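Each remark here refers to the structure printed beneath this line.
The values are calculated or read from the model by the stated rules, or taken from the named source; none is laboratory data. Note that the structure is predicted; figures quoted are calculated from it, not measured. Here Cβ is always computed from backbone atoms with ideal geometry, including for glycine, and neighbour counts include all displayed protein chains.
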Amino acid sequence: MEQPHSAKNTADISVSLSVLIPAYNEGQHIGQNLREVTAVLDRSFQNYEVIVVDDASLDNTYEAACKTAQEDDRIKVIRAERNGGKGHALRLGFQSSQGQDVVFLDADLDLPPDQIASFVEYLHENDLSVVVGSKRHPQSKIAYPETRKFLSHLYGTTVRLLFQLPIRDTQTGLKVYRRRVLAEVFPLMRCERFAFDLELIALAHQRGYRMGELPVQLRFRRKMRFGRIRLWDFFLTALDTLGILVRVRLLGQKRSSRKT
């Protein structure tokens, strides 16, 4: 992993919020999107940082993000040495973060960043440890292909039945965590790609962390039918999901045996 790139040294500034943005081949839009994120955050937060993790992109994502970071010392840029997936990128970002509240946000901004403030407020007002965005919330406003909706609904229903989680959607790319949750759960995880979110939430739930969900606005802006997710990826996600189910249950059995 390369050293984080930013315009100034901000280690002596107290950071209350860290926004982690994994990015892969987003060079065309990353600069503009980062400016949009900071403009939104400025309206609600004072001490925050935005950490972009370039997941070994094949385009100029890293260079474009670094150029924007030179304009704003609250932006840090990290480049992964290998393309390890969203989960791997978020781990790297967390290791370089300082905030007590940590937001996950997709780089394409299909989920507009003006939703972040309400998520953080909901987290604290309800004394929660995790708040996730849910496409299945009845108040969510979702605009994306019907085929993608169907597959998302099918996966969400399956996860709900298998894991008995208190939320309806684990895969939406906007979430906020208390720092202590990630510090405890990240070392236990194995998934780095599409089922990463599920494993993180399932392990947090198993450890008794309280979580809630909020509606989201999602504006699907890519021309591809499934976005960047291929049908083969759905198969791999299914395999990872079964592996997570086994591991979570085994960990649960070990925890129960230690208590008896």
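Residues being surrounded by fewer than 17 Cβ atoms within 10 Å (Cβ to Cβ) and among the aromatic types (Phe, Trp, Tyr): count how many of those fall in region 116-132.
1
Taking region 125-160 on its own, how many of its residues are modelled with pLDDT of 90 or more and within 23 Å of GLY208 (Cβ to Cβ)?
Adding up the residues that qualify gives 10.
Residues that are surrounded by 19 or more Cβ atoms within 10 Å (Cβ to Cβ), at pLDDT below 95 and out of contact with any Asp or Glu (no Cβ under 6 Å at 6 or more places or on another chain): does region 55-63 have at least one?
Looking through region 55-63, none of the residues is surrounded by 19 or more Cβ atoms within 10 Å (Cβ to Cβ), at pLDDT below 95 and out of contact with any Asp or Glu (no Cβ under 6 Å at 6 or more places or on another chain).
State yes or no: is THR237 at pLDDT below 90 and polar (S, T, N, Q)?
Spelling it out, THR237 is indeed at pLDDT below 90 and polar (S, T, N, Q).
Can you find a residue that is assigned to a strand (DSSP E or B) and surrounded by 20 or more Cβ atoms within 10 Å (Cβ to Cβ) anywhere in region 133-155?
Checking region 133-155: at least one residue is assigned to a strand (DSSP E or B) and surrounded by 20 or more Cβ atoms within 10 Å (Cβ to Cβ).
Filter region 156-174 down to the residues that are without any contact (Cβ under 8 Å) to a residue 40 or more places away in the chain and part of a helix (DSSP H, G or I), then identify the one that is nearest to the chain's Cα centre (by Cα).
Filtering region 156-174 for residues that are without any contact (Cβ under 8 Å) to a residue 40 or more places away in the chain and part of a helix (DSSP H, G or I), the one nearest to the chain's Cα centre (by Cα) comes out as GLY156.
Go through region 182-223 and count every residue that is surrounded by 22 or more Cβ atoms within 10 Å (Cβ to Cβ) and of a type in the set (Val, Ile, Thr).
So the count comes out to 2.
Would you check if there is a residue in region 175-188 being of a type in the set (Phe, Trp, Tyr) and either assigned to a loop (DSSP other than H, G, I, E, B) or modelled with pLDDT under 90 (or both)?
Among the residues of region 175-188, not one is of a type in the set (Phe, Trp, Tyr) and either assigned to a loop (DSSP other than H, G, I, E, B) or modelled with pLDDT under 90 (or both), which makes the answer no.
Hey, any hits in region 71-81 for a residue that's surrounded by fewer than 21 Cβ atoms within 10 Å (Cβ to Cβ), touching a strand residue (DSSP E or B) at 6+ places or on another chain (Cβ under 7 Å) and outside any loop (DSSP other than H, G, I, E, B)?
Looking for residues that are surrounded by fewer than 21 Cβ atoms within 10 Å (Cβ to Cβ), touching a strand residue (DSSP E or B) at 6+ places or on another chain (Cβ under 7 Å) and outside any loop (DSSP other than H, G, I, E, B), one finds none in region 71-81, hence no.
Can you find a residue that is in contact with a strand residue (DSSP E or B) (Cβ under 7 Å, 6 or more places away or on another chain) and of a type in the set (Phe, Trp, Tyr) anywhere in region 173-180?
Yes, region 173-180 contains at least one residue that is in contact with a strand residue (DSSP E or B) (Cβ under 7 Å, 6 or more places away or on another chain) and of a type in the set (Phe, Trp, Tyr).
How many residues are touching a helix residue (DSSP H, G or I) at 6+ places or on another chain (Cβ under 8 Å) and part of a loop (DSSP other than H, G, I, E, B) when one looks only at region 29-68?
4
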